[in-house]
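Undergrad: A single structure is presented below for examination.
The numbers here are math on the coordinates, done by the rules we state, and not lab data. Just so it is clear, the model here is predicted, and its values are computed rather than measured. Note that each Cβ is placed from the backbone with ideal geometry, even for glycine, and that neighbours are counted across all protein chains shown.
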Amino acid sequence: MNNKRYTISICKGAGLLDETRTLLESWVPSDSLNSFSERVQSTGVLSKCTAYRTRDIVRRVFARRYLRPSSMPARSLKQLLAAGCSQRDFSDIVMLYACRNDDLLYDFVRDFFWRARNDGKLVVTMDDARAFLDDASRAGLIPTPWSPAVQIKIARGLLGALREFGMIEEHKRGLREIASYRPTDIAVAYLAYDLHSLGLSDGAVCSHDDWMLYGLNRNTVISRLEDLQDRGLFAMQHAGSVVTITWQFGSMEEAIDAIAERLIR
């Protein structure tokens, strides 16, 4: 809690799925951020954006999510796109990185969305989102209170992110229905290997908070991973509180190749 700080980052861009896909197709691992940003602007690959907006997306959204502290996220997503992953697969992984780089969005997905869904709510409203922000302000997560106008803009951005990630559906303006969201197998395998690549123990992989973004707890994580065992990505042993995973691949790059081969092609 003490390390968290809610900002207005969501106003710079929520999911930006189409823009992210376009930028990944243009990006190459040898690019420096400056050269990449300059090439994106000079070639106009984000044709619908102004020069200022393009620079903002590249530097304040894309770079923060996929190039820092390393370019592994960009390389991995580019691999999966080249292998033909679905829009749902892509969206689930983009959501992971978007949340990891924005404490507010992380908690909004984990605490607001999944609490609403688990409580059996059918719709979410602007008032619900603003109440979440009010609670955050009282908890000291927003040191300088936002004006009502800024709060409305942020609430819209948060709900827009849920819509982009397929968690809510807006069939008519203002009516936001909770969707029957379930993370794809590729997203589950990806996150498992990503956490393993951070050096976490097998038990810590299965218990990590990031799974809560997908609505999974330790037991459902283990169940989903057990369902994937026959794809040859890993082998599991589970007895009581002890989980042992035999990882078949030693690097994230090898894992992504295998995920692409066995879950996409």
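Undergrad: Find the lysine pairs in the chain meeting two conditions, Cα atoms under 21 Å apart and a separation of 8 or more places or different chains, and report how many there are.
TA: Close lysine pairs under the 21 Å cut-off: 6.
Undergrad: Considering the convex hull of the alpha carbon atoms of the stretch 185-263, report its projected area averaged over all viewing directions, in nm², one decimal.
TA: Over all viewing directions, the stretch 185-263 projects a mean Cα-hull area of 4.5 nm².
Undergrad: Please give the contour-minus-distance gain from residue 81 to residue 156: 0.36 nm per residue of separation, less the Cα-Cα distance, rounded to one decimal in nm.
TA: That pair, residue 81 and residue 156, stretches by 24.1 nm at full extension.
Undergrad: Given the stretch 97-136, what whole percent of its Cα pairs are spread farther than 13 Å?
TA: 53
Undergrad: Averaging the inverse of every distinct alpha carbon separation and then flipping it gives the Kirkwood radius. What is it for the chain, in angstrom units?
TA: With all distinct Cα pairs of the chain included, I get 19.6 Å.
Undergrad: I would also like to ask the following. For the stretch 1-40, state the average projected area of the convex hull of the C-alpha atoms over all orientations, rounded to one decimal in nm².
TA: Over every viewing direction, the Cα hull of the stretch 1-40 projects on average to 4.4 nm².
Undergrad: Using the basic label-point model (7 angstrom from Cα toward the beta carbon), what is the residue 264 to residue 223 distance in nanometres?
TA: Roughly 2.9 nm, to one decimal.
Undergrad: I need the semi-axes of the equivalent ellipsoid of the stretch 40-88: take the C-alpha gyration tensor, multiply each eigenvalue by 5, square-root it, list largest first in whole angstrom.
TA: So the three semi-axes of the stretch 40-88 are 22, 15, 9 Å.
Undergrad: Over all distinct alpha-carbon pairs, what is the Kirkwood Rh of the stretch 121-221 in angstrom?
TA: 15.8
Undergrad: Add -39500 (n - 2.57) for each DSSP H run of 4 or more in the chain, then divide by its residues: what number comes out at 222 nm, to the nearest 500 deg cm²/dmol?
TA: Helix-only estimate at 222 nm: -15000 deg cm²/dmol.
Undergrad: Right, another one. Please list, in chain and number order, the residues 5+ apart from residue 123 or on another chain whose amide H is under 5 Å from its amide H, with Hs placed from the backbone.
TA: When sequence neighbours closer than 5 places are left aside, the close amide H contacts are 178.
Undergrad: Now for a different question. In nm, give the distance between the simple-model label positions of residue 50 and residue 169, each being 7 Å from the Cα along the Cα-to-Cβ direction.
TA: Those two pseudo-labels are separated by 3.6 nm.
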